[in-house]
Protein chains: 4
Amino acid sequence: MEAMDLTAEQLEEIEHQRSCSSATRRVTSPGIEELIYTPLPILDQGFIRVVDYMGNDGSIVQAARVSYGTGTRKTRNDEALIRFLMRHQHTTPFEMCEIKLHVKLPLFVARQWIRHRTASVNEYSARYSKLDNEFYIPSPEHLAAQSTSNRQGREQITLSGDEAAEVLGILKTDSTRNYANYEYMLDTEGKQGLARELARMNLPANVYTQWYWKIDLHNLFHFIKLRNDSHAQYEIQAYARCMNDITRAWVPAAWKAFDDYVSNAASLSAAAIKLLNRKLLGEQVTFENSGLTKREWIELLMIFEL
Amino acid sequence: MEAMDLTAEQLEEIEHQRSCSSATRRVTSPGIEELIYTPLPILDQGFIRVVDYMGNDGSIVQAARVSYGTGTRKTRNDEALIRFLMRHQHTTPFEMCEIKLHVKLPLFVARQWIRHRTASVNEYSARYSKLDNEFYIPSPEHLAAQSTSNRQGREQITLSGDEAAEVLGILKTDSTRNYANYEYMLDTEGKQGLARELARMNLPANVYTQWYWKIDLHNLFHFIKLRNDSHAQYEIQAYARCMNDITRAWVPAAWKAFDDYVSNAASLSAAAIKLLNRKLLGEQVTFENSGLTKREWIELLMIFEL
Amino acid sequence: MEAMDLTAEQLEEIEHQRSCSSATRRVTSPGIEELIYTPLPILDQGFIRVVDYMGNDGSIVQAARVSYGTGTRKTRNDEALIRFLMRHQHTTPFEMCEIKLHVKLPLFVARQWIRHRTASVNEYSARYSKLDNEFYIPSPEHLAAQSTSNRQGREQITLSGDEAAEVLGILKTDSTRNYANYEYMLDTEGKQGLARELARMNLPANVYTQWYWKIDLHNLFHFIKLRNDSHAQYEIQAYARCMNDITRAWVPAAWKAFDDYVSNAASLSAAAIKLLNRKLLGEQVTFENSGLTKREWIELLMIFEL
Amino acid sequence: MEAMDLTAEQLEEIEHQRSCSSATRRVTSPGIEELIYTPLPILDQGFIRVVDYMGNDGSIVQAARVSYGTGTRKTRNDEALIRFLMRHQHTTPFEMCEIKLHVKLPLFVARQWIRHRTASVNEYSARYSKLDNEFYIPSPEHLAAQSTSNRQGREQITLSGDEAAEVLGILKTDSTRNYANYEYMLDTEGKQGLARELARMNLPANVYTQWYWKIDLHNLFHFIKLRNDSHAQYEIQAYARCMNDITRAWVPAAWKAFDDYVSNAASLSAAAIKLLNRKLLGEQVTFENSGLTKREWIELLMIFEL
């Protein structure tokens, strides 16, 4: 069970936002209006909340056609066009929808996330304000062992009960102590007090930060594809999965096309295509006669019944 | 007087869009709701019409503060913060507002415009559809002579009546003929008909094209600064001026800060600062003792009473 | 047969560049040193010439490993790493190589090309200088008819001899006339002379322009994938094919990985994977029981022996 | 005094790189060839070392002119053109030069740095490899107190001797302990060992990381302008200052223009220009009759003799 600790004031602000309604001539998306402003809990104290959006499925069609109207009159045609655009990587119309999120996330997740350059970001400033005493402590079932087969990953199996307890103890103790020292260094009671921009360097990478993050739909899909993926670190996957849900609510037709043609698609190399065709023509194919590397062969077996 | 030739169907589509109103929980901007969808005429047949927007002045403040609420409760504080951000080039909060325009513009203007890479574009495809018989013909008062002092510019003075009439005649005749030949090459009456993607190469650069163009407020300000400028070609200035007006209606506080600190600001070199200080301290300064190049001296005289 | 018309002065400049040799501590690529500065002819008067480059295959490995050395000591390991990076879309190390091209190309090709925003461009300015009398006139075998099945494409079949001759006549006549009028409008003999920035609007879209274009290897591969493709217009394909050859000479290991895993790869949707697996398991699959749309079925048949 | 701890193997690699020399037809820059590969020390254990570059001053001119030759024949004209381009913000020719750096820097500096999106980055992966036991510990003279007048900055005055000693003690102790616990959690001696991607979250933000970073000259100038500035945090200023020196060695003419027209330039608002003109015309101007805010008035006094 996950829980965010929002202050009464923050909850009231959010409630206030949700209670406001304005008339607009813009197109709207009912699915995302439903969840706008509400913090969707992620990890132990993180969240994503939609704070604004622009466009809906019709906007993609409208831009692709450079039309005068909204172009949402024949839903079935619109969906077919969206699927065609997605299948053939005509990506620019998907840039015509935009979303803005308020995200609370551990610093080490923020460091992976920021590698996506095609977005706008405003992060809470630890030069300007003091950070809160909030640190990500994994739940025991996510305390995975280092993978021995894959240098970059973690094992499916988690640490044993004792080792897990010890690790959790370390993480909590070190976070608590380092935060206490952070506060102590800042303190001006009877001393000068270290500059915030320096004191923060004592905080470990599981400290929570926050940002406003704005991105267009095409680049959001790209983010989701890369991060809602078994090779991504579990913690950023959790955020990407939430974004995947948000996107489904926002632009259902575009999301469906993405899910079919990108999320669950596979890219086959020239060699893999040739191999599959040999098999389809009745030939017996084995790793030995495949011409693939061991790793490529295994990757192919995970997709096809060879 | 300028006039766009919209078809009855197009006008009806626009009227339909403007008549729709939805409830939204998002923030709105009354100024831009007023003009949304309406084509604002530019040049002889061009236009800009706002087709969507995201955010208002409050969104800039909200992002700068990474706040839970909308942050528009104390208008005066918000304005001061926006002015501070603009003055100190804290540009990222301005990226948090987004606008989408439908633009009709001559091809040679489109070629200058597209050099701004930080925007999303969907252009009407001349591979997929036939272009309309619409060409930009300048009004006589914009038929400027080539500048002799500035290789890149045009003179303030326009061509004489006779020369102007001749030029207009050439532009009209060549456009008309080339378009007729374009249609003839496409024609399949008793022949195969050339591919659209090839036939279009016969059309001169004053042909009108259209696109959907989406950009964030920071990059829009940058576009306006560069193009709503006396060094820009008159034709693209006309579009930039219109965007300047749109922006003023959309985000009045941000626009005012932009107007004061960017649009009408001047950048002074180290040498120019030193020179001004000599003058302020009572020294007589002349071009000869200025240490500036001739051109820099002249540029300075256009700003300051030396 | 293709031919560029370079002036004696231009040829001498190029010869001069090629004859210079400097010592450098930077890594080099022998393949691209061989062809640097030489204009590679494209279409009737266009060309690409490499004017600078940075990095080689080793640079990709070096960046992926964030290493202190050049990392090219064990060629076989380096190649395996490059192939791994390409296969798994770890694209950032490929951004560490950079190339700069001088390109001469028809304006309508330039308009498609510039849609790739992740590059740096300096184009010959028709505001500042007069354009040359150079227009792209297709060879008869490239005068394709409009496709009737694919709205965006051209047919494989070309225009008949008579129709082709007529089209070529139109293109030549209109180019010649419009250029003569362009020169006439510019002329200051006994009149003021129209500003260059205005006069150029009379030139049709087959006029040649030139630019310097700089891009990193990752984005170059993306360009090649999209434009060295049967769906791209023949004229831009010709340029992309040349870039493909240049890249092979420059970074042979990266190019080979690109060729195997991207250029000649295919993306299979979730539905297509399921269908292939049914077939691999012995089931009879037909369009009727495939669950695919007609177009998807046809696209699949072009890849696999179903 | 600063000192980097490079291993014998690393030093040998660097020595090897510097000893290699190849012939190239590309343009070179003698100033940067001199310092290439050598680590330039920054802070207590950080460095920047140039690992590759493309272009020199002549490349800017060549691109601006879209010329066939190298365009470096008349040095004085080239410098004047470069200065003109810089003064008038014709920024694209400056994008035609590129540089690649290997940087070792504290994590909290990396977080500020990465906000510049127009660059390519490959960072040392803490998912794939164990991080070294290297932490930034400021020298006592950089242990600044929190500013009371400027929420974002630090005071000029540093902490008193006792307080400084205590802060340094905390930083060292917490780094040491957290790193020991990091190693302990990773350890597989008699236990499973936590995944690297999780264990690293225990490391505080003064841990050193490394990356390869590639950027074009225009964007490098922008980085230097923003970060080699008194408002930037001291630690990132140290890196920006080093880059400023590198750039001066690499492209001396472009750097000089940048220094005159950007680095040491000032932007004056419309109101400030009006005020200066009143003063230049002999009027007495004071804060009270200036029409400026207090902060604007102070900022102006820092530049001009009012």
Q. With each label point set 7 Å from Cα along the Cα-Cβ vector, what nm distance links D:D245 and A:S147?
A. 4.3 nm
Q | Cα coordinate range in the protein assembly as shown, projected on the principal axes (Å, largest first) | A | 96, 87, 69
Q. What FRET efficiency would be calculated for the residue pair A:K191, D:N264, taking the C-beta separation as r and a Förster radius of 35 Å, to the nearest 0.05?
A. 0.40
Q: Take the Cβ-Cβ distance between B:A80 and D:K274 as r, set R0 to 22 Å, and report the resulting FRET efficiency rounded to the nearest 0.05.
A: 0.60
Q) What whole number of Å gives the distance from the Cα centroid of the range C:34-53 to the Cα centroid of the range C:271-294? A) 47 Å
Q) Going down the table (A:K294/D:K100; A:K104/C:K225; B:K214/D:K100; D:K130/D:K172), which pairs top 28 Å between alpha carbons? A) A:K294/D:K100; A:K104/C:K225; B:K214/D:K100
Q.
Given bins 5 angstrom wide, list per bin the percent of all Cα-Cα distances in the range B:241-298, short to long.
A. 4, 16, 19, 14, 9, 9, 11, 12, 6, 1
Q: For a label point 7 Å from the Cα of A:E305 along Cα→C-beta, name the residues of the range C:288-306 whose backbone N is under 19 Å from it.
A: C:288-292, C:304-306
Q | Calculated from backbone phi, Karplus (6.51, -1.76, 1.60) coupling profile of the range B:258-268 in Hz, x at Gly/Pro | A | 4, 4, 6, 9, 10, 3, 9, 8, 9, 9, 9
Q.
Using 0.36 nm times the number of residues separating D:E34 and D:K256, minus their current alpha carbon distance, what extension gain do you get?
A. 78.0 nm
Q: Quick one: check the C-alpha center-to-center distance for the range D:66-140 versus the range C:125-187, whole angstrom.
A: 43 Å
Q. Using the per-residue mean of other Cβ atoms lying within 10 Å as a proxy for protection, in what order, highest first, do the peptides B:118-131, B:43-56 fall?
A. B:43-56, B:118-131
Q.
Run the label-point distances for C:E166 please: 7 Å along Cα to Cβ, every other copy, nanometres, shortest first.
A. 3.5, 8.9, 9.5
Q) Going by average Cβ neighbours within 10 Å, how do the peptides A:22-28, B:194-200, D:75-81 rank, with the highest at the top? A) B:194-200, A:22-28, D:75-81
Q: Give me a single rounded figure for B:56-68: the average over its residues of other chain Cβ atoms within 10 Å of their Cβ.
A: 5
Q) Using modelled amide H (1.01 Å from N, peptide plane; none on Pro or chain starts), what sits under 5 Å from the amide H of B:A265, excluding residues fewer than 5 places away? A) D:A270
Q: Shielding by partners for B:16-23, please: the mean number of other protein chain Cβ atoms within 10 Å of each residue's Cβ.
A: 5
Q | HN-Hα J in Hz across the range B:168-174 - Karplus 6.51, -1.76, 1.60, θ = phi - 60°, x for Gly and Pro | A | 4, x, 4, 4, 5, 5, 5
Q | Label geometry 7 Å along the beta-carbon vector: A:A232 inter-copy distances in nm | A | 3.0, 3.1, 3.8
Q. What does the charge add up to near C:N122, with Lys and Arg as +1, Asp and Glu as -1, over the other residues with Cβ less than 12 Å from its Cβ?
A. +2
Q | Where only C-alpha atoms are counted, convex hull volume of the range C:24-183 per residue in Å³ | A | 199 Å³
(Q) I'd like the FRET efficiency for C:H88 and D:E155, computed as 1/(1 + (r/R0)^6) with the beta carbon distance as r and R0 of 45 Å, rounded to 0.05. (A) 0.40
**Q.** Residue of chain A whose Cβ sits closest to the axis mapping A onto C, with distance in whole Å
**A.** A:S267, 3
(Q) Net charge around B:F223, counting only other residues with Cβ within less than 13 Å of its Cβ (Lys, Arg = +1; Asp, Glu = -1)? (A) +4
Q. Taking 0.36 nm per intervening residue step and subtracting the Cα-Cα distance, what contour gain separates A:A23 from A:N289 on full extension?
A. 89.2 nm
Q. What number comes out for the charge environment of C:I48, summing +1 per Lys or Arg and -1 per Asp or Glu over other residues with Cβ under 12 Å away?
A. +3
Q) Quick one: Karplus J couplings for the range C:79-86, per residue in order, coefficients 6.51, -1.76, 1.60, θ = phi - 60°, nearest Hz, x for Gly and Pro? A) 4, 4, 5, 4, 5, 4, 4, 5
Q | Packing rank of A:95-108, C:291-304, A:281-294, where each peptide gets the mean count of other beta carbons within 10 Å, highest leading | A | A:95-108, C:291-304, A:281-294
Q: Enter the mean number of other protein chain beta carbons within 10 Å of the beta carbon of each residue in C:202-211, as an integer.
A: 5
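Values in this text are rule-based calculations from the coordinates and carry no lab data. The shown structure was predicted, so the numbers you read here are calculated from the model rather than taken from an experiment. Methodologically, a virtual Cβ is constructed for each residue, glycine included, from the backbone with ideal geometry; neighbour enumeration extends over all protein chains shown.
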